[in-house]
Structure formats: C-alpha cells, structure tokens
Amino acid sequence: MQWIYLFLAIGFEITATTLMKVSNGFSKILPTIGTGLGYIICFTCLSMALKKIDISVAYAIWSAAGIVIISTIGVLFFKENISFLKVVSILLIVLGVIGLNLSGATH
C-alpha cells in the first residue's frame, strides 16, 4: 500500500505543478485552487508512504519522477527548450535514485 501512496503523491505533485504553471502566477482562480488541493493531497500521500518506505528512497523517487515528468510536460506542452545538458542532468538525477535504491537493497 505504501507504494500506491508514493505513486499517488507523484501523480498529484505533477498535477499541482502543472496547474501552477497554468495559473499564470496564481492569477487564474481554478488552476490556483487545483494547485493548492493537489499539493495537500500530494503531501498527505507522501506522508503515508513514509510510514513504511525509507525517506531517502521515497523522496528520491518522488522528486526524480517529478523532475523527469514535469520536464517532459514542459517540453511537450509548454514548448520549453531542451538541450543535451538538460537531458544529461536529468539522467544523472535518475542514476542517483537508482543508486539510492540499490544502496538500500544491501541491508
């Protein structure tokens, strides 16, 4: 169940961050409300996941998934620039998450 909470936290974080962009600096009311609700649900789910998952692993997965997916959304839907350095940097974050997960597997 803790992994379901973690994946829900990731989904709500991605939704809330995307709505934050759409809110245009919190000047649009519905996306602003969605941002707030999304983050409340996100952190509630993340806190539930942390009951059973090591914080280093859960937070690394949560943040890396958010970075990868939000970066992809930025490029595809908001026409943000993508560069080789950006891609390599994101891959390094993913490798760091894999490293943290592997380090926890040795215990």
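Of the solvent-accessible surface of the chain, computed with a 1.4 Å probe and all protein chains present, 75% belongs to carbon and sulfur. Phi angles of region 75-81 translate, via the Karplus equation with coefficients 6.51, -1.76, 1.60 and θ = phi - 60°, into HN-Hα couplings of 6, 6, 9, 10, 6, 6, 6 Hz per residue; Gly and Pro are given as x. Of all the options I33, I41, I70, the one that moves most in a Gaussian network model of the chain with Cα springs shorter than 10 angstrom is I33. In the calculated pair-distance distribution of the chain, the portion above 19 angstrom amounts to 51 percent of the Cα-Cα pairs.
Return a whole-number percent for the relative contact order of the chain, with Cα pairs under 8 Å and 6 or more residues apart as the contact set.
Details: 91 pairs, mean separation 32.3, N = 107.
Here the relative contact order equals 30 percent.
Derived scalar couplings between HN and Hα for region 2-10 equal 4, 6, 5, 4, 5, 5, 5, 4, 4 Hz in order, rounded to whole Hz, by the Karplus curve 6.51 cos²θ - 1.76 cosθ + 1.60 (θ = phi - 60°), x for Gly and Pro. Take the chain with all the other protein chains still there, run a 1.4 Å probe, and you get 65 Å² of accessible area per residue. Take 44-52, 93-101 and order them by the average number of nearby Cβ atoms within 10 Å per residue, most first; the result is 44-52, 93-101. Here the chain is treated with +1 on each Lys and Arg Cβ and -1 on each Asp and Glu Cβ, and its dipole about the Cα centre works out to around 140 debye.
The values are calculated or read from the model by the stated rules, or taken from the named source; none is laboratory data. In this text, all values refer to a predicted model and were calculated from it rather than measured experimentally. Quick reminder, even Gly has a Cβ in these numbers, built from the backbone with ideal geometry, and neighbours come from all protein chains shown. For accessibility, only protein heavy atoms count, side chains too; no ligands or nucleic acids. Shrake-Rupley method; radii C 1.70, N 1.55, O 1.52, S 1.80 Å.
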